[in-house]
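One structure is given below, encoded as structure tokens.
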Amino acid sequence: VQLQAFGGGLVQTGGSLGLSCAASGRTVGKVAMGWFRQAPGKEHEFVATISWSSENAYYADSVKGRFTISRDNVKNMVYLQMNSLKPEDTAVYYCAATWRGATSFNPRHYSLWGQGTKVTVSS
């Protein structure tokens with residue numbers, strides 16, 4: 001199974017961008033999915049996570065109210081809609097899967113990672 005994140009790009013402050021994450025190879029299974037980001041010189045930062053059923057979704061305080069995570073299990077896709085973007089949202093965004101049976105904020109709980117897509121928010 002591989003994850004591929006795409007949809008990044010350059011956007012102005014206050015703009016919107018939608019990221020997608022596609023799972024290929026075989027069905028990922030009943031896993032929770034997460035989005036993380038990494039700015040230059042910084043550690044991976046939790047952004048959002050969603051359970052298999054989409055019943056539970058959690059966000060970092062820094063993006064709450066601006067970002068929305070969703071998924072389509074039929075298409076094996078996970079999405080991150082980002083609105084009201086700020087320069088501090090600039091980072092490489094990664095999608096990841098965890099088989100721990102529940103959502104998690106901890107990147108160490110995620111065993112499958114996509115290669116990332118770069119988001120740049122200009123001021």
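The values are calculated or read from the model by the stated rules, or taken from the named source; none is laboratory data. A quick note: this is a predicted structure, and the numbers were derived from the prediction, not measured. So basically every Cβ, Gly included, is an ideal-geometry build from the backbone, and we count neighbours across all protein chains shown. Surface accessibility is based on the protein's heavy atoms, side chains included, excluding ligands, DNA and RNA. Shrake-Rupley method; radii C 1.70, N 1.55, O 1.52, S 1.80 Å.
For a quick check, take a GNM of the chain with Cα springs below 10 Å and name the residue from Gly15, Gly25, Gly34 with the largest mean-square fluctuation. Evaluated over the chain, the most mobile residue of the options is Gly25. Electrostatic bookkeeping for Val121 treats Lys and Arg as +1 and Asp and Glu as -1; over the other residues with beta carbon under 9 Å from its beta carbon, the sum is -1. Entry note: the range 77-123 has Rg to Rh equal to 1.03, where both radii use alpha-carbon atoms and Rh is the Kirkwood radius.
For the options Thr98, Thr90, Thr13, a Gaussian network treatment of the chain with springs between C-alpha atoms closer than 10 Å singles out Thr13 as fluctuating the most.
Each principal axis of the range 1-42 carries a Cα extent, and these read 37, 23, 16 Å when sorted largest first. Shown here: the chain, whose C-alpha atoms stretch 40, 27, 25 Å along the first, second and third principal axes, sorted largest to smallest. Most simply put, the chain has about 90% antiparallel DSSP beta bridges, counting only bridges with both residues inside it.
Contact order, relative form, for the chain: 37 percent (alpha carbon pairs under 8 Å, 6 or more residues apart, mean separation divided by residue count). Once the C-beta distance of Val74 and Ala102 is scaled by a Förster radius of 22 Å, the resulting FRET efficiency is 0.50 to the nearest 0.05. A Gaussian network model of the chain, with springs between Cα atoms under 10 Å, assigns the largest mean-square fluctuation among Lys86, Lys64, Lys42 to Lys42. Computed over protein heavy atoms with a 1.4 Å probe, the carbon and sulfur contribution to the accessible area of the range 1-93 reaches 49%.
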